[in-house]
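Input: a single structure, listed below in structure tokens.
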Amino acid sequence: HPLQRAWIDHEVPQCGYCQSGMIMAAAALLAQTPHPSDADIDGAVTNLCRCGTQHRVRRAIHAAAA
């Protein structure tokens, strides 16, 4: 899936604890909003990442949307 590929390409996972929820939220977002803004992403992906990978999550979602 393009989202999984983007997750790997942008080295999103760190500890991996939150990743399954983030990928599910990102997939749902892209299904409704094919080209989301940063605000769209922030509103849709509300899972807490204690490792601080939110900036990589945004980049990966934008890449998957491209």
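The values are calculated or read from the model by the stated rules, or taken from the named source; none is laboratory data. Quick caveat: nothing in here was measured; it's all calculated off a predicted structure. So basically every Cβ, Gly included, is an ideal-geometry build from the backbone, and we count neighbours across all protein chains shown. With ligands, DNA and RNA removed, areas are computed over all heavy atoms of the protein, side chains included. Shrake-Rupley method; radii C 1.70, N 1.55, O 1.52, S 1.80 Å.
Quick notes on this structure:
- Accessible surface area normalised per residue over the chain is 62 Å², counting heavy atoms of protein chains with a 1.4 Å rolling probe.
- For the range 13-30, 3J(HN,Hα) per residue [Karplus equation, 6.51 cos²θ - 1.76 cosθ + 1.60, θ = phi - 60°, Hz, x = Gly/Pro]: x, 10, 8, x, 4, 9, 5, 4, x, 5, 5, 5, 5, 5, 5, 5, 4, 5
- Computed accessible area, Ile8, all protein chains, 1.4 angstrom probe, square angstrom: 110 Å²
- In order through the range 40-52: 3J(HN,Hα) via Karplus (6.51 cos²θ - 1.76 cosθ + 1.60), integer Hz, x for Gly, Pro: 4, 5, 4, x, 8, 9, 9, 5, 7, 10, 6, 7, x
- Largest accessible area first, the listed residues Arg58, Arg50 line up as Arg50, Arg58 when surface is computed with a 1.4 Å probe on the assembled protein chains.
- Taking the charge dipole of the chain about its Cα centre, with +1 at Lys and Arg Cβ atoms and -1 at Asp and Glu Cβ atoms, the residue from Ala63, Tyr17, Pro36 reaching farthest to the positive side is Tyr17.
- Percent accessible area from carbon and sulfur atoms, the chain, protein chains only, probe 1.4 Å: 54 percent
- Here Thr33 sits with roughly 40 square angstrom of accessible surface, probe radius 1.4 Å.
- Rg/Rh ratio calculated on Cα atoms of the range 1-59 (Kirkwood radius): 0.91
- Extended-chain gain in nm, criterion 0.36 nm per residue less alpha-carbon gap, Cys51 and Ser37: 2.8 nm
- For the range 4-10, putting each phi into the Karplus relation 6.51 cos²θ - 1.76 cosθ + 1.60 with θ = phi - 60° gives couplings of 5, 4, 5, 4, 6, 4, 9 Hz, in residue order, rounded to whole numbers and with x for Gly and Pro.
- Net charge, Thr53 excluded, C-beta distance under 13 Å - Lys, Arg +1, Asp, Glu -1: +3
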